[in-house]
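Just below is one structure, and these are the notes that go with it.
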Amino acid sequence: MGTFISQAQAVNFNGLQALAGLAIFLFGIKVMGDTLKVLAGNRMKQLIDRYTTNPVMGVIVGATVTGLIQSSSGTTALTISLVRSGIMNLKQAVGIIMGANIGTTITAILIGFHLSAYAPYFLIVGAFMAMMAKKPRTENYGMLLLGFGALFFGLSTMGDSLKVLADMPLFKEDLAVSLANNKFAGVGLGMCMTLLIQSSSATIGILQTLYSEGVLSLHGALPILFGDNIGTTITAVLAAVGGSIAAKRAAAAHVCFNLIGTIIFLIIFPLFYQYIDWIGHTLNLNKMMQIAFAHASFNVTTTIVLLPFAGGLVFLVTKLIRDTNHEDEVKTSVVLDKKIIEESPEVAVSVAYKATIEMAQICEKMIVQTRKYINTKDYNLVSKIRGYEDIVNDINDRIADYLVEIVAYPLPEKDATLHSNLFYTLKDLERIGDQCINVVKYFDTIYDAKEELTPMALDELMRMFDLLDSIMKNTISLINNPSRDLINTMDLEEEQLDDLEIVVKNGYIERVKNKEPMGATATTVFIDIVSDLERIGDHCYNICTRTKKLF
């Protein structure tokens, strides 16, 4: 009886040790991923900003970004968030999702090098670097080493405790044999493991450890590997919940990609098993590296097979996820997905920046319609202009809230400056909308009083509008693509508008002195109209002035 209790205690102890090792391993993966996001933030944003409709480039971007942040789930969730924000279309997303599956194999390959013996050195050096660093970048490198060390230390701890399972009849004779004889059970187990842990890198690491310690045979491990790849798609599905039709289709594309890959490899399983077994012996790979090689082979081969059919995959998910609300026909103004902030605050700043461009474009429409109302007296345009103002105010509030959420996350200096500038740019654009409404109100009072501006006064206002049209277009171009030439042009236009304001006001004074016919209401509000138009130019120039600081 005493012997049985001692054995049970030993098993319990090993179980706790395995859980502790798993906890340290997961901690290491999280620290590595979070730190790499910070270190690679700008490069990741640049890669995503330069995505292309070419699926091959999408694969390269997806693989590279995942390699930088060490998380295929993170890349996929970010991609889906960009789709639901309208920044990326479905065809672009499919290529990136395929690439993300390739990029995630890097973690398994690192584990395959079996660096557990060096884990204590990584932990010690990383901890001291992180604690004693005076510069954020040095601290980040310290945290990266700390996460790297924790990953291998956790694997080693977990492996030591799992060795006992290889000698237990329950695992050696029952579970291992059952999984080896039933591929579908292995796929199901792999899916459940990834659904539970929410990290395919972690479950692949656990699988590598189980195979390395002899708990599983290669025949039993490979189906679990396939299931791991299906299970990781749950992150994409969760990211698409409550999103647009395009986001749901992107998540469906991810599921279809891994599901089709698994079906293909289950069909050719005997050949794949022989190939992995042969390559392991030929290259003298350790067992962990053998699983890493199998993981890479699965994802690279699936990508090569399905990449030529990327268009077909888009067609398939479009048919599977039907647009019952006709979203495809409606272009929403701005969608700001806060999940992007969690995955990459730098990319979130870029999304807010692009939303700000759309806000500026609506302000331009307000100026055009205000001018049209002055010339045509068509009162239907007033409701249209007020509708634009509502959109501007709504976008302003949403972008401002979005920027406030980003404040909680660290940003590289350049992105932090841009983030700060956006707050002021929003205020300037919102004020441009207000100024347009002011001008409309002034003309409402003029037309209600059955009065008219003199031809000379109207001509002077149209000259101001001509200049404002150019200034607003250049402001949008400047926000979209800053350049020294545009800044110089806007410097000149601002001077011209200021000079024109003086000319118009002086002309008004002369007309009043000469008692030229213009109604009392029109005479009273004319200077206010001129001032509001000049202030629109001022707000545009404020944006220009802040852009100068970026050079």
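Of the residues that make up region 481-498, is at least one in contact with a Pro (Cβ under 7 Å, 6 or more places away or on another chain), part of a helix (DSSP H, G or I), of a type in the set (Val, Ile, Thr) and more than 26 Å from Leu381 (Cα to Cα)?
No, there is no match, as no residue in region 481-498 is in contact with a Pro (Cβ under 7 Å, 6 or more places away or on another chain), part of a helix (DSSP H, G or I), of a type in the set (Val, Ile, Thr) and more than 26 Å from Leu381 (Cα to Cα).
Please work out which residue is modelled with the highest pLDDT, limiting yourself to region 61-102 and to residues that are in contact with a Gly (Cβ under 7 Å, 6 or more places away or on another chain) and not in a helix (DSSP H, G or I).
Result: Ser71.
Considering every residue within region 108-125, establish whether at least one is modelled with pLDDT of 80 or more and farther than 28 Å from Phe293 by Cβ. Give the derivation first.
Within region 108-125, the subset modelled with pLDDT of 80 or more is 108-113, 117-125.
Now narrow it down to the ones that are farther than 28 Å from Phe293 by Cβ: 124-125.
Yes, that holds for at least one residue.
Considering only region 247-268, state which residues are surrounded by 19 or more Cβ atoms within 10 Å (Cβ to Cβ), under 13 Å from Val187 (Cβ atoms) and either not β-branched (Val, Ile, Thr) or not assigned by TED's automatic domain parsing to the domain that holds Ala310 (or both).
Result: Asn258, Gly261, Phe265.
Scanning region 11-58 for residues that are at pLDDT 75 or above and of a type in the set (Phe, Trp, Tyr), which turns out surrounded by the fewest Cβ atoms within 10 Å (Cβ to Cβ)?
Per the criteria, the residue is Phe27.
Would it be correct to say that Asn229 is touching a Ser or Thr at 6+ places or on another chain (Cβ under 7 Å), surrounded by 22 or more Cβ atoms within 10 Å (Cβ to Cβ) and either free of Cβ contacts under 8 Å to residues at least 12 places away in the same chain or farther than 29 Å from Thr157 by Cβ (or both)?
no
Cβ contacts < 6 Å: first residue closer than 14 Å to Phe184 by Cβ, restricted to region 203-226; second residue modelled with pLDDT of 85 or more and hydroxyl-bearing (Ser, Thr, Tyr), any location; separation 6+ or different chain. Result?
Taking only residues 6 or more apart or on different chains, the pairs are Phe226/Thr262.
Report, by residue number, each residue of region 489-519 that is in contact (Cβ under 8 Å) with a residue 40 or more places away in the chain and over 48 Å from the mean Cα position of the chain (by Cα).
Those that are in contact (Cβ under 8 Å) with a residue 40 or more places away in the chain and over 48 Å from the mean Cα position of the chain (by Cα): Val503, Val504, Gly507, Tyr508, Arg511, Glu516, Pro517, Met518, Gly519.
For residues in region 357-390 being basic (Lys, Arg) and in a helix (DSSP H, G or I), which is farthest from Leu429 (Cα to Cα)?
Among those that are basic (Lys, Arg) and in a helix (DSSP H, G or I), it is Lys372.
Condition check ((1) under 19 Å from Thr66 (Cβ atoms); (2) in contact (Cβ under 8 Å) with a residue 60 or more places away in the chain; (3) outside any helix (DSSP H, G or I)) across all residues:
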| site | (1), (2), (3) |
| --- | --- |
| Ala251 | yes, yes, no |
| Leu259 | no, no, no |
| Tyr273 | no, no, no |
| His281 | no, no, no |
| Leu285 | no, yes, yes |
| Gln290 | no, yes, no |
| Ala296 | yes, yes, no |
| Pro308 | no, no, no |
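From the residues in region 444-488 that are basic (Lys, Arg) and at pLDDT 90 or above, which one is nearest to the chain's Cα centre (by Cα)?
Applying the filter and picking the extreme gives Lys473.
Cβ-Cβ under 6 Å, sequence separation 6+ or interchain: first residue in region 66-88 and closer than 16 Å to Val351 by Cα, partner modelled with pLDDT of 70 or more and among the charged types (D, E, K, R). Which pairs?
Filtered contacts from region 66-88: Ala77/Glu343; Leu78/Glu343; Ser81/Asp337; Ser81/Lys339; Arg84/Asp337; Ser85/Asp337.
Looking at region 453-462, is at least one residue in a helix (DSSP H, G or I), of a type in the set (D, E, K, R) and over 19 Å from Glu364 (Cα atoms)?
For region 453-462, residues in a helix (DSSP H, G or I), of a type in the set (D, E, K, R) and over 19 Å from Glu364 (Cα atoms): present.
The values are calculated or read from the model by the stated rules, or taken from the named source; none is laboratory data. These numbers were taken from a predicted model, which means no experiment stands behind them. So basically every Cβ, Gly included, is an ideal-geometry build from the backbone, and we count neighbours across all protein chains shown.
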